[in-house]
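The values are calculated or read from the model by the stated rules, or taken from the named source; none is laboratory data. On a predicted model such as this, the values are computed, not experimentally measured, just so you know. Note: ideal-geometry Cβ built from the backbone for every residue, glycine included; neighbour counts use all protein chains shown.
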Amino acid sequence: MTEWWKSGVVYQVYPRSFQDTTGNGVGDIQGIIQRLDYLAWLGVDAVWVSPFYPSPMADFGYDISNHCDIHPLFGTLADLDELIVQAHAKNLKIILDYVPNHTSDEHPWFIESKSSRKSPKRDWYIWHDAKPDGSPPNNWVSYFGGESSWEWHEETQQYYLHSFLKKQPDVNWRNPDARKAMLDIIRFWYARGVDGIRVDATIVSMKDANFKDDPLNPEWCEGEDPFYRVLHVHSENVPEIHDYNRWLRETNDEFEDRLLIGETYLNTADLVSYYGQEDEFHLPYNFQLITTPWEATAVKSLVDSYDAALPDFAWPSWALGNHDRHRVATRVGAAQAKVAMMLLLTLRGTSTIYYGDELGMENVPIAPEQEVDPWGILSPGLGLGRDPERTPMQWDNSPNGGFCASDVSPWLPLSANFTLENVATQKERPNAILNLTRTLLQLRKDHNALGLGSYLPLDAQGNVFAYGRKHGTEVCVIVLNMGAQDTEWRWEGLTAPFKVLLSTCGDSGSLHPDFLRLRPHEGIILINQ
Ligand code: NOJ
């Protein structure tokens, strides 16, 4: 049996920004239900929904105070049940965000844990004495702002660890009771019919057992993100993380056909280890397309080496963006956005589309007084704020773009271009990136070479990245002009009869007997005939 997710494509919904149905300027679960027809029309296979659980919203829902309920902003458990039923009726899977590294400091577990050193839940979190001079137990720094990841608790005279905000205390996964309680959350959602989870902050969930200091980073320069002042060798990606990965996988596999995805910002060698022996993640997210320079030789070297490094059983994964990274259309330039989408949807592996990338949505400039993301607020001037990539989905050209009613203020501003670039207007433009995305999703279904085929590296030429995909006798060749110049791509294999299956320019391209002429920012898929 080939698992559904192998040829499948995941669509990430950031629920605050997808569709508001209650008139408060924040999206909700009923909004997602309302838009399921759109997602089915687009042709994705699964919807990953970022957190909607009860939360004080210090980190917009990644600070959870009850993992088994829904924040009233987003709806109720009954809404979630309805989402699952309705999605399944449209052949869409539902993937939830599972946040096990930390809870909110307002979670009853933490309230209990901090109540006394003798609390039965004291050891559910990571508490340590101060050094003799009163300073934190070690030099670890937190993600948002690069301050110490230890927070002093006056009442019980100890520090607790928080890899992210101080309102997000880290759970002690080495404690068997805490671990069981956390794993039971997966069981709770799977019993309700959820098809998979995306595990948040995977690489930090186990820490060095002796809490050794992280070494200083000799390459860090003043003015850069202070989080990288140290090399996170003891606070992240420690050898015991593989025990943790296996605990998750064992629990996952108590249920049939569920997908385990990890949030894993890692290089290829480490990523490969997160598959374990088929007993860790199905898909440790490969985010390297987000971090690699957008240039043919760099991208080719990434794709070739990653594909070659994977063990036979391991299936690749790809993403161009998410709610933590600047929009792909802004990073690579609006003119390249279609090439990027063609790359994402023709590489071997399970790809994830971040909501709005199918419209080429760009970062939206956020004025300082509108900024709400704690990362941006705690790291001023570094461009790390995540509000620009979290703005409301652009559905149509009505006021507020169809995201919320016209007399309501959306929680973040819409892009200035929403009246031109939205689902309704792009549907009418055959050449729009929305229709290209839809066609690419359909081609993955129609052609096994694209959905499941092996990856064939081809020589790089100039700023053209080309590769093949093969399944049985079907061969597709994808040729991407990653630059702004006209160019010719020559390949002796072209003498075999190929035809153009799709061009990002919307026509049949310019195929000659032994070369292909590419316009600026043009991507072409060829297929043998
Ligand atoms: C990764 C999530 O994607 C991000 O949004 C969040 O702030 C951190 N983990 C902490 O949960």
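Side notes on the structure shown:
- One residue stands out among those in segment 158-167 that are within 24 Å of Pro239 (Cβ to Cβ) and touching a residue at least 60 places away in the same chain (Cβ under 8 Å): the one that is farthest from the ligand (Cβ to nearest atom), which is His162.
- Residues in segment 202-215 include none that are under 25 Å from Asn322 (Cα atoms) and surrounded by fewer than 19 Cβ atoms within 10 Å (Cβ to Cβ).
- Number of residues in segment 229-246 that are touching a residue at least 12 places away in the same chain (Cβ under 8 Å) and more than 16 Å from the ligand (Cβ to nearest atom) equals 11.
- Leading residue by the ranking (nearest to Pro56 (Cα to Cα)) among those in segment 367-380 that are part of a helix (DSSP H, G or I) and away from the ligand (no atom under 16 Å from the Cβ): Gln370
- Checking Pro413 against (1) surrounded by fewer than 21 Cβ atoms within 10 Å (Cβ to Cβ); (2) farther than 21 Å from Gly321 by Cα, the condition it does not meet: (2)
- Positions within segment 436-465 being over 20 Å from Gly8 (Cβ atoms) and surrounded by fewer than 23 Cβ atoms within 10 Å (Cβ to Cβ), in sequence order: Leu456, Pro457, Leu458, Asp459, Ala460, Gln461, Gly462, Asn463
- Total residues in segment 188-222, condition in contact with a Leu (Cβ under 8 Å, 6 or more places away or on another chain), over 30 Å from Glu256 (Cβ atoms) and assigned to a loop (DSSP other than H, G, I, E, B): 4
- Residue match in segment 64-84 (condition: crowded, with 18+ Cβ neighbours inside 10 Å, of a type in the set (S, T, N, Q) and at pLDDT 95 or above): yes
- Subset of segment 90-125 (residues that are away from the ligand (no atom under 16 Å from the Cβ) and assigned to a loop (DSSP other than H, G, I, E, B)): Lys90, Asn91, Leu92, Ser116, Arg117, Lys118, Ser119, Pro120, Lys121
- Of the residues making up segment 233-267, those that are among the β-branched types (Val, Ile, Thr) and touching a Leu at 6+ places or on another chain (Cβ under 7 Å) number 3.
- Among the residues of segment 478-497, at least one is among the polar types (S, T, N, Q) and surrounded by fewer than 15 Cβ atoms within 10 Å (Cβ to Cβ).
- Filter result for the condition that a residue is among the polar types (S, T, N, Q) and surrounded by 17 or more Cβ atoms within 10 Å (Cβ to Cβ), over Thr330, Thr292: Thr330
- Test: residue in segment 381-393 that is at negative phi, outside any strand (DSSP E or B), in contact (Cβ under 8 Å) with a residue 12 or more places away in the chain and of a type in the set (Gly, Ala, Ser): yes
- Of the residues making up segment 173-187, just one is in a loop (DSSP other than H, G, I, E, B) and either within 15 Å of the ligand (Cβ to nearest atom) or surrounded by 21 or more Cβ atoms within 10 Å (Cβ to Cβ) (or both), namely Trp173.
- Of all residues making up segment 127-157, the number that are within 16 Å of the ligand (Cβ to nearest atom), touching a residue at least 24 places away in the same chain (Cβ under 8 Å) and closer than 20 Å to His107 by Cβ: 4
- Where a residue in segment 56-73 is on the phi < 0 side of the Ramachandran plot and among the hydroxyl-bearing types (Ser, Thr, Tyr) and its partner, wherever it lies, is modelled with pLDDT of 95 or more and near the ligand (Cβ under 8 Å from one of its atoms), with Cβ under 7 Å and at least six apart: Tyr62/Val99; Tyr62/Asp200
- Test: Gly401 is free of Cβ contacts under 8 Å to residues at least 24 places away in the same chain, more than 22 Å from Gln336 (Cβ to Cβ) and surrounded by 21 or more Cβ atoms within 10 Å (Cβ to Cβ): yes
- Residue among Pro410, Pro399 that alone is over 23 Å from Ser510 (Cα atoms) and in contact with an Asp or Glu (Cβ under 8 Å, 6 or more places away or on another chain): Pro410
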